[in-house]
Amino acid sequence: MNAPRCVVIALTVVGALGWFASRAQAQGGPPPALVVLDEVRSEYIEGKRRVTGELTALRRTVVSAENEGPIRTMSLDAGDAVQAGDVIAQLDTELAEIAVRSWKAELDAAVAVVGQRRAELDDAELDLKRVEELRARDSASPSEFDQARLRVDGARAAYAEAEALQLEREARVAEAQSQLEDLTVVAPFDGVIVRKQAEIGQWVALGDPVVELVSMDELEARLEVPESILPRLSNPDVTVRLYVQALSEWIEAPVTAIVPDVDPLSRLAPVRVVLDNPSGVLRPGMSVYAEVPTGAPRDVLTVHKDAILRNDAGEIAYYAQEGEMGLQAAVVPIVRLYAVGEQRVAVRPVGPMRAGLQLVIEGNERVFPTQPLNPMPKRPAEESGTANAAKSQEG
């Protein structure tokens, strides 16, 4: 509903309420309502611009099969939460297990050969040492020494060949073990399955999709922001206020990054804002809008947030006006612009809305138009709270 239509409906409702209130006063009149008033202020503060966007997942992936075969077990479905390492699907492992056992047997044989070749090398080296000692006493011929040395060289070569074969068998076992492990499809990170793309009994090939997984711990709001505001958002300590429409909730968070890609037609650029989502209530695809600072101060009207009420016609506030019997309540429509600190809200001037107008901020739940008002003084906490909110904006 646009602002002019809200104003028309609100004024219509006000007129009807005023008629019923006049009838009540003609029959004796209600007692004055005890209320607390707060004035509308004109403040020179930094303006804000409302922009739109949507929530997206920081991490979204299609978990695919890393080997081929028929799916034997798969108990998870769309909407199920998983932790990193949880089994999503199990492919048939019979042939892979046979391959692992076969290569392990080959490895055991290669290890045995290495042991045998090591013993042969040790024996040849010992024989060479004895021949060297005999030669030193001229008890061994040069040919005997040469034969002993050649035997050591041959044994050393055979030992090196056996070691190489053992390493090759170890690599084969590791490869077979890896292929066996690849038959188990696991979650790469904590998240929620959003789409199931395979079923039990289905044959999947290498790279075929099994499920689509999104991370839910953190989400990202992607806002479309005018290029004129981007310099202000480049400040490292700037924050934006986001409103998630599906949750009716405001969230304040710092700007994570500005994507350097301005649309040449709309002159809008994507701005990223990362949001924590520990309770999991936020969902990718939810629409959001945000209030982002513009960097340009201007005069705006602000009202205390407790003055704002909501009825079927929209948001309204009661203000005090002079009547025949003194102060009495009247209604003014409220058109919000953005929050100003924790206590005040910037509003658009509509109808009688102006600086200095006295709005009801306490006791307004039971007030109706033309009802006499009996203002009470503010409590000190209220006065200091609204003043601090204004000072924080000025600072």
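The values are calculated or read from the model by the stated rules, or taken from the named source; none is laboratory data. The structure displayed is predicted, hence computed values, not measured ones. In this analysis, Cβ positions are derived from the backbone assuming ideal geometry, glycine residues included, and neighbour counts consider all displayed protein chains. The area values use the complete protein model at the heavy-atom level, side chains included, leaving out ligands, DNA and RNA. Shrake-Rupley method; radii C 1.70, N 1.55, O 1.52, S 1.80 Å.
Below, the figures for the structure above:
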item	result
The range 111-181 - charge dipole about Cα centre, Lys and Arg +1 at Cβ, Asp and Glu -1, debye rounded to 20	160
Lys pairs, the chain - Cα-Cα below 21 angstrom, 8 or more residues apart or on other chains	5
Residue 104 - accessible surface, heavy atoms, 1.4 Å probe, Å² rounded to 10	100
Cα long-axis angle, helix 94-136 against the chain (0 to 90 degrees, to the nearest 10)	50
Segment residue 374-residue 39, extension gain: residue separation times 0.36 nm, minus the distance between their alpha carbons	119.0 nm
Estimated FRET transfer efficiency when R0 is 45 angstrom, pair residue 208-residue 299 (beta carbons, to 0.05)	0.10
Distance between the range 75-139 and the range 153-173 - C-alpha centres, whole angstrom	10
Efficiency of FRET from Cβ geometry, residue 322 and residue 279, R₀ 56 Å, rounded to 0.05	0.65
Size of charge dipole - the chain - debye, nearest 20, with Cβ of Lys, Arg +1 and Asp, Glu -1, no other charges	2440
Zone of residue 177's modelled label, taken as backbone nitrogen in the range 108-133 under 14 Å from a point 7 Å along Cα→Cβ	108
Check: the range 167-304 dipole with +1 on Lys, Arg Cβ and -1 on Asp, Glu Cβ, in debye	440
Accessible heavy-atom area order of 184, 73, highest first, probe of 1.4 Å	73, 184
Two-site FRET efficiency, residue 150 against residue 64, from Cβ-Cβ distance with R₀ of 45 Å, rounded to 0.05	0.20
Distance between modelled label sites at residue 197 and residue 228, nm, 7 Å Cα→Cβ extension	4.4
Cut-off under 5 Å, modelled amide H: who pairs with residue 362 long-range	36
Gained length - residue 310 relative to residue 143, 0.36 nm times residue gap less alpha-carbon distance	48.9 nm
Whether the range 233-311 is rounded, prolate or oblate, judged on the alpha carbon gyration tensor where a/c under 1.5 counts as rounded	oblate
Contour excess over end-to-end distance, with Cα ends at residue 108 and residue 129 and 0.36 nm allotted per residue	4.4 nm
nm² value of the averaged projected area, convex hull over the Cα atoms of the range 179-335	17.2
Dipole axis of the chain (+1 Lys, Arg; -1 Asp, Glu on Cβ), positive-most option in 160, 140, 174	174
Rg over Rh, two decimals, the chain (C-alpha only, Kirkwood Rh)	1.39
